[in-house]
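All remarks here apply to the structure that follows.
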Amino acid sequence: MGKGSTDTDQIKGFSLGMLVGVSFVFLIIGFAGGTFTGPTVKEVLGLSNPKDNLQASADAGLESQNSEAGDASLFMPMAGVFSPDKERFYAEVGEFLVAIRHQGRTRYLQLTVQLVGHDEDYMETVETDVPAIRNGLSIFFTQQEFSALTTLEGREALRLITLGEVNKIIGATPEKRVADVFFTEYITQ
């Protein structure tokens, strides 16, 4: 009986050693995979350059929207928005107060959005779509990087991306679309 318990102890010791060894190998593989494929510590903590992130997302968003719609004009402001020979019609989307997580804290973006177009009938139909536009923009604004929104460049990039989002939400065409978006009030806190 003494020999049988020794064999059992050796098997238990071998099993425990094998379990520890295999666990260590998987830990190393997981660490290496995360190191080479995961985001950097700065990105996870939100410390990377926010202007580059917003501009890159603006460029990527415009490129993907252009490829989907097939026409870049839907997502850029119309030329001559303030030309004296063009009439302008406005639709108010309203005020937004958006909570955005930034470096472990809640920050706020408050803005009022106005849409401008040149076709009175079309802008009246846009006004009927305001609830859908508000819903889409509420979701869109909460996904933004707060630190990029505090700069003038970030604000302008957000305005251009918002124009594309609005035209995408309402199913605009090159002939019938919102010409531009204005932030008539813009506060970050």
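The values are calculated or read from the model by the stated rules, or taken from the named source; none is laboratory data. Just so we're clear, the structure is a prediction, and the values are computed from it rather than from any experiment. Note: ideal-geometry Cβ built from the backbone for every residue, glycine included; neighbour counts use all protein chains shown.
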> Which residues, taken from the stretch 90-127, are outside any helix (DSSP H, G or I), more than 24 Å from the chain's Cα centre (by Cα) and under 24 Å from PHE141 (Cβ atoms)?
Replying inline: TYR90, ALA91, GLY117
>> Name the single residue that is surrounded by the fewest Cβ atoms within 10 Å (Cβ to Cβ) among those in the stretch 81-107 being out of contact with any Gly (no Cβ under 7 Å at 6 or more places or on another chain) and polar (S, T, N, Q).
In response: THR106
> Among the residues of the stretch 154-181, how many are surrounded by 16 or more Cβ atoms within 10 Å (Cβ to Cβ) and without any contact (Cβ under 8 Å) to a residue 24 or more places away in the chain?
Replying inline: 0
> Residues of the stretch 111-138 being in contact with an Asp or Glu (Cβ under 7 Å, 6 or more places away or on another chain) and of a type outside the set (Val, Ile, Thr), which ones?
Replying inline: LEU111, GLN114, HIS118, GLY136, LEU137
> Of the residues that sit in the stretch 108-153 and are touching a residue at least 60 places away in the same chain (Cβ under 8 Å) and closer than 24 Å to ALA79 by Cβ, which one is surrounded by the fewest Cβ atoms within 10 Å (Cβ to Cβ)?
Replying inline: GLU153
> Which condition number in (1) surrounded by 13 or more Cβ atoms within 10 Å (Cβ to Cβ); (2) modelled with pLDDT of 90 or more is the one that THR184 fails?
Replying inline: (1)
